[in-house]
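Let me begin by presenting the structure, written as structure tokens, before commenting on it.
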Amino acid sequence: MLRNSFTAMSMRRDEYQAKFGFALFIASLTMFFLASLAAYGIIRGSSGAPAISIGSFPLSLVASTISMFGVSFAMHKAVANVRRERQIPFRRWLIAAAVISIVFLVFQSMGLHALLDMHRLALEDGVTKQFGLMFFLVLVHALHVVGGISFLSGVLVRARHDAYDHEKHWTVDICALYWHFLDVVWIVMLATFLLGR
């Protein structure tokens, strides 16, 4: 009985440390992305370049937004199912999230290629380098998505070995929160690119 109490305390401490570390990680990423977007706005504003019209914006980046929403939704459903001890739907939603995240990366790759072409043409015309900055920000976000896919893959492997249940699923919660964070960052980035003046 005493051993069980110590084990439970150790698990709670591990959960607290993981969640606290995750909160610090998200706070640092938030500051990085906000500073990068502010730099983008300052550089674009000082160059006098207008906001990019939706018509000239790469459609693959708009399509990737749907994929990002899909990953967030699938992770939300996975968490909801593991909390109710519904293991089969839980695993299916994790698999769906993994597949959709790969689709997101495909659209991102297409969008990055389009931004490079736009950047090259803008430099030839002597216009601002805002497409290069957009490329950098989208690339950094895509690299964080790759990290999210690695995290999600680890969760999926452990889920197949019944590592999570209705009491012990905080790793799944953290993974879902990370994807929700990436979703919010992506929407803020797109809004900055398309709506900023």
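The values are calculated or read from the model by the stated rules, or taken from the named source; none is laboratory data. These numbers come from a predicted model, not from an experiment. Reconstructed Cβ throughout: ideal geometry from the backbone, glycine too, with neighbour counts over all protein chains shown. What goes into the accessible areas is simple: the full protein's heavy atoms, side chains included, and nothing from ligands, DNA or RNA. Shrake-Rupley method; radii C 1.70, N 1.55, O 1.52, S 1.80 Å.
Label sites at Val62 and Val146, each approximated as a point 7 angstrom past Cα along Cα to Cβ, lie 2.8 nm apart.
Want the number for Ile187 to Leu116: 0.36 nm per residue separation, take away the alpha-carbon distance, what's left?
Numbers: separation 71, 0.36 × 71 = 25.56 nm, distance 2.07 nm.
The Ile187-Leu116 span can extend by a further 23.5 nm.
Principal axis analysis of the Cα atoms in the range 138-178 yields extents of 36, 17, 6 Å, listed in decreasing size.
Hey, any idea what % of the range 126-197's accessible area is carbon plus sulfur with a 1.4 Å probe? Result for the range 126-197: 67 percent of the exposed heavy-atom area is carbon or sulfur.
Rank by packing, highest mean first: peptides 37-45, 176-184, with packing defined as the count of other Cβ atoms within 10 Å averaged across residues. Intermediate results must be reported in sequence, preceding the final value.
Working: 37-45: 15.0, 176-184: 19.2.
Averaged packing, sorted descending, gives the order 176-184, 37-45.
Placing one equal scatterer on every Cα of the range 108-195 and applying the Debye formula, the log10 ratio I(q)/I(0) at q = 0.10 Å⁻¹ is -0.39.
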